[in-house]
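Structure, as structure tokens:
The values are calculated or read from the model by the stated rules, or taken from the named source; none is laboratory data. Note that the structure is a prediction, hence the values are computed from the model and not measured. Backbone-built Cβ (ideal geometry, glycine too); neighbour counts: all protein chains shown. With ligands, DNA and RNA removed, areas are computed over all heavy atoms of the protein, side chains included. Shrake-Rupley method; radii C 1.70, N 1.55, O 1.52, S 1.80 Å.
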Amino acid sequence: MWISLRFTLLFLAVPATVFACEGECIVGITKAFIGNYTNPIDAVMDDVAKQIVTQLVPQHAAEAKSYLQPILTAYGKSSYDGMETAIFPSYFHGKCQQNGVDPAGCPNPDCPVVCGTPGSLIHFYSTLRFIAYNQTSHVLGLLSSPGSDAYKQVERAVVQAASSPSPRMLLRYERYNSEATDTMGQNMPYVKKREANVKNGLQDIMKTVPQLLLKACGGQATEGDGALPKCSWEDTMKPYILSFP
């Protein structure tokens, strides 16, 4: 289990009077969605790790999960701010009153106006679910791209592992190549070609991260009914959201 992403959904004590989702309400809901995504992200990283060792470094299968730890660590550090902003205030914010009057169901328990109250989050839960998914996919996609520092750390580790091929692989190559080897006993053209192939292969594997998350969430990344069935958590999230006044 990837311990760097482990969060617990806590039912926090909240102030007696709140006119919108504020303070502990915002923190609690944001952390809850991040925590909910622990298992889907675990599934994605497990799949990616298997691809890396199968296609690139089969001689280092035991180290599969360790290669991706930089991405998980970076996600753990950056996930909260982005998720909070995506939900509050980018979409849900403010009071629900119209001309000084709360519409029926507002602020709770089911408010048909987009605003910053628990009732609004409940009414537009399919949108809330979609926002949480999009934000998670966006951050993982960025961290899994060659430009990120986390990706560069992963690449260095995988290339280093691949630069020490098994004796059988090296012997098989040298049967067909008589070029001089360096003092470490490795054929330099072979090593350079291998490094380039590993880098290209790693990029191809890491490009699949967003699609793997979609698969882990059950497909259909929309706001429609039945979308993202494995990343909805509607039955537990709605009562939790309504626990905030």
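Other residues lying with their Cβ under 14 Å from the Cβ of P210 contribute a combined charge of 0, Lys and Arg counting +1, Asp and Glu -1. Ligands, DNA and RNA aside, V154 has an accessible area near 0 Å² when probed at 1.4 Å.
The listed residues R129, R156, R194 rank as R156, R194, R129 when sorted by accessible area, largest first, using a 1.4 Å probe.
Solvent-accessible area of T54, all protein chains in place: 100 Å² (probe radius 1.4 Å, heavy atoms, ligands and nucleic acids excluded). For D204 and A62, a Förster radius of 30 Å and the Cβ-Cβ distance give a FRET efficiency of 0.85, rounded to the nearest 0.05. Using 1/(1 + (r/R0)^6) with R0 = 22 angstrom and r between the beta carbons of Q97 and E22, what's the FRET efficiency to the nearest 0.05? Calculated transfer efficiency: 0.90.
Solvent-accessible surface of protein heavy atoms, probed at 1.4 angstrom with all chains present, puts Y80, Y37 in the order Y80, Y37, largest first. Packing, taken as the mean count of other beta carbons within 10 Å per residue, orders the peptides 102-113, 222-233 from highest to lowest as 102-113, 222-233. Across the protein chains, with a 1.4 Å probe defining accessible surface, the residues E63, E84, E22 rank E22, E63, E84 from largest area downward. A full extension of the chain between S163 and D46 corresponds to an added length of 39.8 nm, given 0.36 nm per residue minus the alpha carbon distance. Extending 7 Å from the Cα toward the beta-carbon at both T54 and A196 defines two label points whose distance is 2.7 nm.
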